[in-house]
1. Calculated from DSSP H runs of 4 or more alone, at -39500 (n - 2.57) each and per residue, what is the 222 nm mean residue ellipticity of the chain, nearest 500?
2. If packing is taken as the average number of other Cβ atoms within 10 Å across a peptide's residues, how do 110-119, 40-49, 25-34 rank, most packed first?
3. Can you give the extra length, in nm with one decimal, that the chain gains between Ser99 and Gln122 once fully stretched, where that is 0.36 nm per residue apart less the Cα-Cα distance?
4. Identify the trypsin sites (Lys or Arg not before Pro) of the range 100-144 meeting these criteria: DSSP loop state and at most 15 other C-beta atoms within 10 Å of the C-beta.
5. May I ask you to list the residues of the range 162-199 whose amide nitrogen lies under 19 Å from a point 7 Å from Cα along the Cα→beta-carbon direction of Met218?
6. Report the charge-dipole magnitude of the chain in Debye, nearest 20, computed about the Cα centre from +1 at each Lys and Arg Cβ and -1 at each Asp and Glu Cβ.
7. Work out, step by step, the length gained on full extension between Ser193 and Lys230: first 0.36 nm times the residue separation, then minus their alpha carbon distance; give nm to one decimal.
8. Please compute the Cα-Cα pair-distance distribution of the chain with 5 Å bins starting at 0, giving whole percents from short to long.
Amino acid sequence: MQEENFVSQIREAGGRVFVVGGWVRDTLRQAVPKDKDYVICGLSAERFAQLFPEKQIVGQAFPVYLLSIDGTACEVALARKERKSGTGYRGFQVDTSASIRIEEDLSRRDTTMNSIAFELPQQRIIDPFHGQEDIRSGTIRAISAHFTDDPVRALRAARQSAEFSFRITDETLHYMNACRDELLLEQTERIFSELERALRSPRPSIFFRSLQAAALLMDVFPELHALIGKTQPAA
């Protein structure tokens, strides 16, 4: 299915289509964007399933679908609101009703640069948190205290700082530190995933320095924290 056809079907059914996340951010950074993620507003899960019976469901707590668009398996989600009700990234009550606006969906995300939507087919940018300004200035800024809803966001902010050489604001470092207790309970796989990506970044040291600035290094990677101030022994 071509993207144009996908968008047309959604629009004809009364919905709206947005590209969100890293593809939008990287396009605005003038970097090579990766896979597109789509968010749909104005449609129920039942109506979406009627339109695209070939979809695969990959979300558990809320509907996330895989559809082949322009020859690539793309994630498509319904716009949603979340309310923290437990610990970790699964501890949420989720609302995916058709009345949810794109601005509400963007408000639950982590940082301003990751909270920009690109509406199709108009190619209109929706940027309620001024993420474009932060991209231009090279700044990682949390949208609100909801940053702490998913503790791995602390690692993601540090990793993206290393990937893009962006500065993390002091308030965001504060929110990163507030993730500490839940972060220590997170699955090892999620932590390792961020570490692996950070080590592939142009400047991995920024990842660890950012965690140190947020007073997280000694808890998440105590072995590395123990090396601070130590000298390399002579060969």
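Quick note: the coordinates plus some simple rules give every number you see, no bench work behind them. Since the structure is predicted, the reported quantities are computational estimates derived from the model, not experimental observations. FYI the Cβ positions are ideal-geometry reconstructions off the backbone, even for glycines, and counts take in every protein chain you see.
1. Working: 12 runs with 92 residues, N = 235.
Computed mean residue ellipticity for the chain: -10500 deg cm²/dmol.
2. With the highest mean Cβ count within 10 Å placed first, the list reads 110-119, 40-49, 25-34.
3. Full-extension gain reported as 6.2 nm.
4. When the trypsin sites (Lys or Arg not before Pro) of the range 100-144 are filtered for loop state and at most 15 Cβ neighbours within 10 Å, Arg101 remain.
5. Once the point is set 7 Å along Cα→Cβ of Met218, 173-185 turn out to lie under 19 Å by backbone N, inside the range 162-199.
6. Details: 30 positive and 33 negative charges, 82 e Å.
For this selection, approximately 400 debye.
7. 10.6 nm
8. Percent of pairs per bin, in order: 1, 6, 13, 17, 18, 15, 13, 8, 4, 2, 1, 1, 0, 0, 0.
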